[in-house]
Structure formats: structure tokens, C-alpha cells
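The values are calculated or read from the model by the stated rules, or taken from the named source; none is laboratory data. Quick caveat: nothing in here was measured; it's all calculated off a predicted structure. Cβ: placed from backbone, ideal geometry, glycine included. Neighbour counts: every protein chain shown.
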């Protein structure tokens, strides 16, 4: 290009003459040439602020200069490098109306797509990339344009088209910088779509195809997940344990431990599952999955008869994560455990705490509080708990009829037989649980025969299933 010769000659002259002569020589250079030369050289040297400034001045000084299209392209690239994507787009669109000699043929369309993508105008970006690929399929920027088109399609929710574009990047340009990212993205989206069979071969070979890539660990995690989902649970657990061992600080480590724990629990290995959950809580006690892990430690420990471990885990959940959705379920589990141990005061205290939080477990907690109080012969407290259930539970619900059963038993304990009869009659007339209806009929028969005695045993209400932690990561 002519400006390289111009720069070299000018440099030689400046080194061989006196300062006053230098000043005269600089003054003799046309302003448009000087601005263009300085701006182009600043861009080549990575001095983008200076390039943008000088080329902007060139545009003002020489609006009809034949180099204006080149100046707009260089100015657009400079502002793009500075992160000023709207200004870059303006420059690239202006350059399209002038002859351009810098860069490769049609390149300005590619750069418009790049700027539009970063402005999150994905539909327009996709169209620019597609047009550029149609016009310049063999361009040095073709892989970049295909890559950009794929991610634009992904952002637009056109997943199948995105997978086709990104798969082509990985297939046709295996040595490019984009190939590894494109291949990982395809595998990840197949996993998200539960297309496990398609994802498996991509994930199994990822580490060998792209060694040292930043997504190697993530691909290993997804590979283990895909193996588990396709029934290869032993291989999946082994893969995830290898992932955990080699990436103990990875952000997906907690998810991997949960997957291994869930798989072990389903396979009838609760001890191994507990080990994984405990390791998670120890490593990242404040992680979003830690409360779920603590809850599952409690549930699995209770299944194994380790009631002390179960209680400790549930209490840790309530202490360390009091606002978590599982805190109420953990408190209810502790209350039930205390009731089972006949620790009635402790059961009442925890059940009341759960009920007072007014969460989803309130009605069940009131039933446990009522049963504990009745067993402890604290009839007033039992009555208040059961009446609250009857008042608050939806009509026809199992909770309401269990509350009526408690009201009847409390009334019997206080020798208020008419109140007890009314409660039992309502159960007989409306409850759908045949066992509860038979029990209520039996209590009515005893009362009618004037043989009812204050009962000491309270029927177990139909409690809701224990809460489970959130969905699989």
C-alpha cells in the first residue's frame, strides 16, 4: 500500500534534516493524508482510541476522499475493539456505501453481524452472517461467520438450526479456535434436550479431540450425566467420581456429587449416598444444593435407623439455612422423630415453630403439635392445635378430617361427649378415608353406649409425603 512507502520516506527525511526543516515538511503533508496515515498506523499498532479519533477527523476533513470507505472500516474495527458496538455498527454500515480496499471482499457484512450480535440484535446478526456466507463462502472469516450464525440461532431458540451450524464449524474447521466451543455447545444443547444418545459420542471423545480445552471438565460432567440417563449407571458414577477427583473446586462439583448420591440411593446404597451428600456439605456449606443435601442425609439416615444422625442433619439445615424452602420440612421431620421417641415436649416445641412460620407444612405441623400435646395430657394445647387445623384446612381435605379426629379425641379426654360426637359424625358423613371413617364410627358407638373413656392413643393422621429436594441439576 502506498502509505507504507509514504511513511518510510517521511521517516527517512525526518531523520536527515534539521528540526525547522522537519516542521516545514510536516506542514507540507496534506491534512487528509496525515490524518489517514496516523489513524491507520494507530490501528495497526493497537492504539484504538487514537485510531478512532484520527479517522473520525479524516471523515470530517475529507468527506469525498476515495479512502473514506477504508477509513470507516478501520474506524469501525477500532470502536469494536473498544467495546463501543453501536458506534462500530454505524461505521460499518456507512462503509458499505463506499468502495473498500482494506480487508477481504465483503468483509464489512461480517463485521456488521459481529456488532449486531454483541448488541443482542440476534435476528439481524443472523441475517448478516447468512448473507456474508452466501456471498463469500470461502472467506477467511467464513468459520467465524458460521460460528456467529449458530450462536445467533441458539439465542433465537432455533435450536436445530443452531446445532447444524455449530456442528459444521466443528466438522469443517477442526483446528480452529471455535471448533472446541462449538462441539461442546452442541453436546450441551443435546443434553438439555434429553437427546442422550446423540450427546454420548460427542462427549465421550471430547477430551481426546480437544485436550487442554477449557470445556474438557464440563464435558466430562455431562458425559457422566448422559451415561446415567442412558442406563449405564455404573459407568456414569465412575465418570462423575473421576470428574470430582480431578476437579474438586469446579462449579459443577456439587451437582456431580448430588447425581452420584441420587444414583447410589436409587441403587439401594444409602450409605454411599450419605457420604456424597456429606462431602458436598463439607466442601461448600453455603452452596445452593447444601440444604437439599442435608435434608437427604436426614432422610437416608432415618431409613438406616441412625436417628441421631438424621436429627443432626435436619437441625443443621434449619440452623444454617433457616429461609430455605426445606427448612419447614426438616423441622416437621424432627418433630415427628421426637414424637416417635415419645419426647412430647420437644415434639410440640418444634411443631409449633414450624406452624408459626406459616409455610406449606403448617397444617401437618399443627397435627403433630396436637398429637404430642394430647399424648402429654396437655388437652388445652391439643385442642387449640386441632381447632386451628379444622378452621384453616380446605373443606373435604384429609387434613381437616384428621383435625376433626383430634378435636373429637380432645373432647373425649375433657369428657365433652357431645362435642366429640359432632366431630366424629362429620368424619363419618364426609371423609373419603375408609379407615378413618371406621375408626370414627367405633368412637361413636362407644359414646352412644356411654362406654367411652378418655383415650390415650391418637390415630395417625395421613401425613403428606416428605419433601424432596429440588430438581436434578
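Just one of the listed residues (265, 316, 261, 273) is at pLDDT 95 or above and over 21 Å from residue 226 (Cα atoms), namely 316.
When residue 120 is tested against (1) surrounded by fewer than 16 Cβ atoms within 10 Å (Cβ to Cβ); (2) over 32 Å from the mean Cα position of the chain (by Cα), exactly one condition is not met: (2). For the subset of the stretch 78-100 comprising residues that are within 38 Å of the chain's Cα centre (by Cα) and buried (at least 23 other Cβ atoms within 10 Å of the Cβ), which member is farthest from residue 32 (Cα to Cα)? Among those residues, the one meeting the criterion is 89. Output the residues belonging to the stretch 385-406 that are without any contact (Cβ under 8 Å) to a residue 12 or more places away in the chain and in a helix (DSSP H, G or I). Listed by number, the residues that qualify are 391, 400.
For residue 236, the conditions (1) surrounded by fewer than 23 Cβ atoms within 10 Å (Cβ to Cβ); (2) more than 23 Å from the chain's Cα centre (by Cα) are fulfilled apart from (2). Here residue 157 meets each of (1) at pLDDT 95 or above; (2) out of contact with any helix residue (DSSP H, G or I) (no Cβ under 9 Å at 6 or more places or on another chain); (3) within 21 Å of residue 103 (Cα to Cα) with one exception, condition (3).
Residues in the stretch 276-292 that are within 15 Å of residue 313 (Cα to Cα), in contact with a helix residue (DSSP H, G or I) (Cβ under 8 Å, 6 or more places away or on another chain) and either in a helix (DSSP H, G or I) or in contact (Cβ under 8 Å) with a residue 40 or more places away in the chain (or both): 276, 277, 278, 279, 280, 281, 289, 290, 291, 292.
Evaluated against (1) in a loop (DSSP other than H, G, I, E, B); (2) under 29 Å from residue 273 (Cα atoms); (3) touching a residue at least 24 places away in the same chain (Cβ under 8 Å); (4) more than 21 Å from the chain's Cα centre (by Cα), residue 248 falls short on exactly one condition, (4). In the stretch 357-369, the residues that are assigned to a helix (DSSP H, G or I) reach residues that are modelled with pLDDT under 95 and surrounded by 21 or more Cβ atoms within 10 Å (Cβ to Cβ) with C-beta atoms within less than 6 angstrom, at least six apart or across chains, in these pairs: 367/461. Under 8 Å between Cβ atoms, which residue pairs at least 6 apart in sequence (or on different chains) link something in the stretch 85-100 that is in contact (Cβ under 8 Å) with a residue 24 or more places away in the chain and on the phi < 0 side of the Ramachandran plot with a partner that is part of a helix (DSSP H, G or I) and surrounded by fewer than 18 Cβ atoms within 10 Å (Cβ to Cβ)? These pairs meet every condition: 85/118.
Checking 261, 217, 226 one by one, the residue that is surrounded by 20 or more Cβ atoms within 10 Å (Cβ to Cβ), out of contact with any strand residue (DSSP E or B) (no Cβ under 7 Å at 6 or more places or on another chain) and within 27 Å of residue 179 (Cβ to Cβ) is 226 and no other.
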